[in-house]
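Working notes for the structure below.
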Amino acid sequence: MRIVVLCPHFAPDVAPTGAVVTRLVQELAARGHQLDVVTSLPWYRSHAVEPGWRGRPVRVETTDWGRIVRIHPFASTDKRNLTARAGAFALFTSLATVAAALGRQADAVLAMSPPLTLGPAGWITALCRRAPLVLNIQDVHPDVAVEVGALTDPRLIRLLRGLERFSYRRSAVVTVLSEDLAANVTSKLDGRSRPKVVVIPNFVDTEVVQPGDRGNAYRREHGIGSETVVMYAGNIGYSQPLDLLVAAATALAGRPDIRFVVNGGGSGLAELRSRSEGLPNITFVPLQPAERLGDVLAAGDVHVVALRRGVAHSSVPSKTYSILAAGRPVIASVDPGTVIDTMIRSAGAGLSVPPEDAEAFTAAVLALADDPAGRAAMGRAGRRHVEGGMSPGAVAAAYERLFACLQRGGTLG
């Protein structure tokens, strides 16, 4: 089959969703399929096009399995300026639509959201290349932005919700990461125009991500000794209430054996640094290259997954699976009953506490810090959980079956 993929990030970009789609493309290529990938120039790490990729707004690479078209993201350095970000997405999407739509007939188009604008881009591409559109939802937007208060203008919210429904209705299939997201998407569609909503979770490569030595080079580089490290690694933005870490670090300032590490960047980093000023037990580390993921995960004794109240119904942090693959326990500060909460509890892979509850979060930190044997047992349980069927090959096979069914004009499920 020939498959067209539209996505906001692709290797060597270090965005988590870029890692997911890159491996999916590699797995489909290994199965003999031809793929045309349309994506952005690498820009996620510093919110600007990476050195070595500048100078041309569009770059085209030919591979053994197809081609990659990389387009300037027009990213704004002001991550909090939603108007500038929307304009950047519009410019990127316009060029991406042209690049993706030009080409011979395809068998399927896979478009990834967010950004929402790739939904209509995928639809136009599907029309031009006479192929069904599969829309993959990583986070449900604009719900996430509304829940965290980043988006408040009623007119803009109505516009984006209209764009969201437009994209769903023009898709042959919408794939989501969990039953929570499936219920969210299904609730917005009427029976006449409802596409099939299919749950295909993200994966983790348990051969690449494995339990490692906690006393590794990462700790040495950043002046961390034998302390119990409670780590948050990832984006620091509207959705992540990392004031929980500041509250816990303040409450546990008298425990020099516990250190909090924030590894990453984003729009909320400056404010988080400011609120942490004077706390000796918080260490900030910039976002690391993708090849250092194993060291980063191994250096943490406990990892944190935190989402603001209501967001876990619209978002599934894929880094959770990498943490479990690394054999480390999770403290999940998420809405009860959502997929991450349910998974952590059922797998016995950590502790789950209510969102934005600093007291419960601090108590969970203390419980795990004072129970190294319990941490080890939780880490082993999490590793067993992800080894049970969340492999890249299994996810690629699910997409392959989906594309083949659509190509035949068959029914799903």
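The values are calculated or read from the model by the stated rules, or taken from the named source; none is laboratory data. Keep in mind that this is a model prediction, so the values were computed, not measured. With ideal geometry, Cβ positions are generated from the backbone for all residues, glycine too; neighbour counts draw on all protein chains shown.
Can you tell which of Leu133, Leu127, Leu102 is hydrophobic (A, V, I, L, M, F, W, C), modelled with pLDDT under 95 and either surrounded by fewer than 18 Cβ atoms within 10 Å (Cβ to Cβ) or more than 16 Å from Phe10 (Cα to Cα) (or both)?
Unique residue meeting the criteria: Leu102.
Filter the range 345-372 down to residues that are among the β-branched types (Val, Ile, Thr) and touching a residue at least 60 places away in the same chain (Cβ under 8 Å) and give me whichever is nearest to Met231 (Cα to Cα).
Of everything passing the filter in the range 345-372, Val365 is nearest to Met231 (Cα to Cα).
For the range 177-232, name all the residues that are more than 21 Å from the chain's Cα centre (by Cα), in the same structural domain as Leu244 (by TED's automatic domain parsing) and in a strand (DSSP E or B).
Result: Thr228, Val229.
So for the range 350-362 (the condition being under 30 Å from Glu27 (Cβ atoms) and assigned by TED's automatic domain parsing to the domain that holds Asp335), does at least one residue qualify?
So far as the range 350-362 goes, yes, one or more of its residues are under 30 Å from Glu27 (Cβ atoms) and assigned by TED's automatic domain parsing to the domain that holds Asp335.
Mind checking whether some residue in the range 235-249 is over 22 Å from Glu147 (Cβ atoms) and in contact with a strand residue (DSSP E or B) (Cβ under 9 Å, 6 or more places away or on another chain)?
yes
Taking only the range 184-220 into account, find how many residues are more than 27 Å from Pro142 (Cβ to Cβ) and either of a type outside the set (S, T, N, Q) or touching a His at 6+ places or on another chain (Cβ under 7 Å) (or both).
So the answer is 14.
Residue-wise test of (1) aliphatic (A, V, I, L, M); (2) in contact with a Lys or Arg (Cβ under 9 Å, 6 or more places away or on another chain).
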site	(1), (2)
Val246	yes, yes
Ala253	yes, no
Arg259	no, no
Asn263	no, no
Arg273	no, no
Ser276	no, no
Ile282	yes, yes
Ala298	yes, yes
Asp301	no, yes
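Of the residues that sit in the range 291-318 and are of a type outside the set (A, V, I, L, M) and in contact with a Leu (Cβ under 9 Å, 6 or more places away or on another chain), which one is surrounded by the fewest Cβ atoms within 10 Å (Cβ to Cβ)?
Ser318
Out of the residues in the range 340-359 that are on the phi > 0 side of the Ramachandran plot and out of contact with any Lys or Arg (no Cβ under 8 Å at 6 or more places or on another chain), which is surrounded by the fewest Cβ atoms within 10 Å (Cβ to Cβ)?
Gly348
When you go through (1) in the same structural domain as Ala298 (by TED's automatic domain parsing); (2) surrounded by 21 or more Cβ atoms within 10 Å (Cβ to Cβ) one by one for Gly337, which number turns out not to apply?
(2)
From Arg54, Arg67, grab the single residue that is assigned to a loop (DSSP other than H, G, I, E, B) and not β-branched (Val, Ile, Thr).
The match here is Arg54.
Please go through the range 304-321 and pick out each residue that is part of a helix (DSSP H, G or I) and either of a type outside the set (S, T, N, Q) or closer than 12 Å to Met231 by Cβ (or both).
Within the range 304-321, Val311, Ala312, His313, Lys319, Tyr321 meet the criteria.
Identify all residues within the range 15-43 that are in contact (Cβ under 8 Å) with a residue 60 or more places away in the chain, under 22 Å from Leu91 (Cβ atoms) and within 16 Å of the chain's Cα centre (by Cα); write none if there are none.
Thr17, Val21
Would you say Ala360 is in contact with a Pro (Cβ under 9 Å, 6 or more places away or on another chain), under 25 Å from Gly254 (Cα atoms) and assigned to a helix (DSSP H, G or I)?
Yes: the conditions hold for Ala360.
Could you pull out the residue among Ala131, Ala150 that is part of a loop (DSSP other than H, G, I, E, B) and either farther than 20 Å from His313 by Cα or over 20 Å from the mean Cα position of the chain (by Cα) (or both)?
One residue alone meets the criteria, Ala131.
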